[in-house]
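So the structure is just underneath, and the comments pick up after that.
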Amino acid sequence: MTPVGQSYLLFQLQRIDSQGDSVLQRIQELDTRLADRDAEAAADHDAQAHQESLHEQQRELRDLELQLGSVQEKLTTEERRLYAGRGAPRSQLESLHQEVESLQGRVTELEDAVLVAMEAVEEAAAAAAAAAQRAAAAQAAGAQNREALGREKEEVEAQLRQLQRDRSAITAQLAPVSTALYDRLRQQAGGIAVAEVTQGRCQGCRLTLPSHTIQQARQADRLQQCPTCRRVLYIAL
Ligand SMILES: [Zn+2]
């Protein structure tokens, strides 16, 4: 294996690893989006709040209906007493009459309140149904979204496995010392260990290389590094 061959192989390795880096980043993004249930949680929360509000309105209606029932019962009793007590003293009859009138007023008030409460229950029920529908739609959309993300993740993971196979094929041909240098530089130089030389410039740091460095990169019997950014230089033949 000639040194030029080694720099070429390292350049190939770099391309594979850079692709691998973006594939890994994409997998991370997909995992984050797969775990994101904020929209569904918000819709669920909203549906629950509407459901609670409906129950509250239903309780109020029931209370009013119970009150109305008991006042109506009392009114019936007092009316009977008034009817039965026609021969009673005038003052007693007057007081009974007042009581009946007051109860009648209370019945009218409660009947109105029941009607208002019934409307409120209807409105709350409609709002709760709509919120439940929105929550179900959010769940369905979330599930569909996750299915698409899951498919993409499978594809991306298959790409990653292919890159790993390609990588093994290349590293099998590299000298351990080249691999070690590559690994060290990749850690130190932001993931890019190999820089191509084009138009006399190192594409890693974009600086113009001394001509003797370029010559050595072409001819040297060992890997040549950029004097500025230390990356291994690769010159396409
Ligand atoms: Zn450089």
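Remarks
- Selected residue [within 60 Å of the chain's Cα centre (by Cα), of a type in the set (A, V, I, L, M) and farther than 30 Å from R134 by Cα] from L64, L54: L64
- Yes/no for E78 being under 33 Å from the mean Cα position of the chain (by Cα), among the acidic types (D, E) and assigned by TED's automatic domain parsing to the domain that holds A141: no
- Candidates T228, T208, T179, T198, filtered to the one that is farther than 30 Å from D46 by Cα, of a type in the set (S, T, N, Q) and either away from the ligand (no atom under 16 Å from the Cβ) or buried (at least 17 other Cβ atoms within 10 Å of the Cβ) (or both): T179
- Only one entry of E152, E94 meets the criterion of being at pLDDT below 95, out of contact with any strand residue (DSSP E or B) (no Cβ under 7 Å at 6 or more places or on another chain), over 21 Å from A47 (Cα atoms) and part of a helix (DSSP H, G or I), and that entry is E94.
- I235 fulfils the conditions (1) modelled with pLDDT of 95 or more; (2) within 14 Å of the ligand (Cβ to nearest atom) except for a single criterion, (1).
- Among the conditions (1) more than 30 Å from A169 (Cβ to Cβ); (2) exposed (fewer than 15 other Cβ atoms within 10 Å of the Cβ), Q28 misses just one, which is (1).
- Matching option when the condition is assigned by TED's automatic domain parsing to the domain that holds I16 and either of a type in the set (F, W, Y) or part of a loop (DSSP other than H, G, I, E, B) (or both), among R218, R186, R206: R206
- Boolean, A138 is at negative phi and either part of a helix (DSSP H, G or I) or more than 16 Å from the ligand (Cβ to nearest atom) (or both): yes
- Failed condition for A189, given (1) at pLDDT below 95; (2) more than 11 Å from the ligand (Cβ to nearest atom): (2)
The values are calculated or read from the model by the stated rules, or taken from the named source; none is laboratory data. These numbers were taken from a predicted model, which means no experiment stands behind them. Cβ atoms come from the backbone with ideal geometry, glycine included; neighbour counts cover every protein chain shown.
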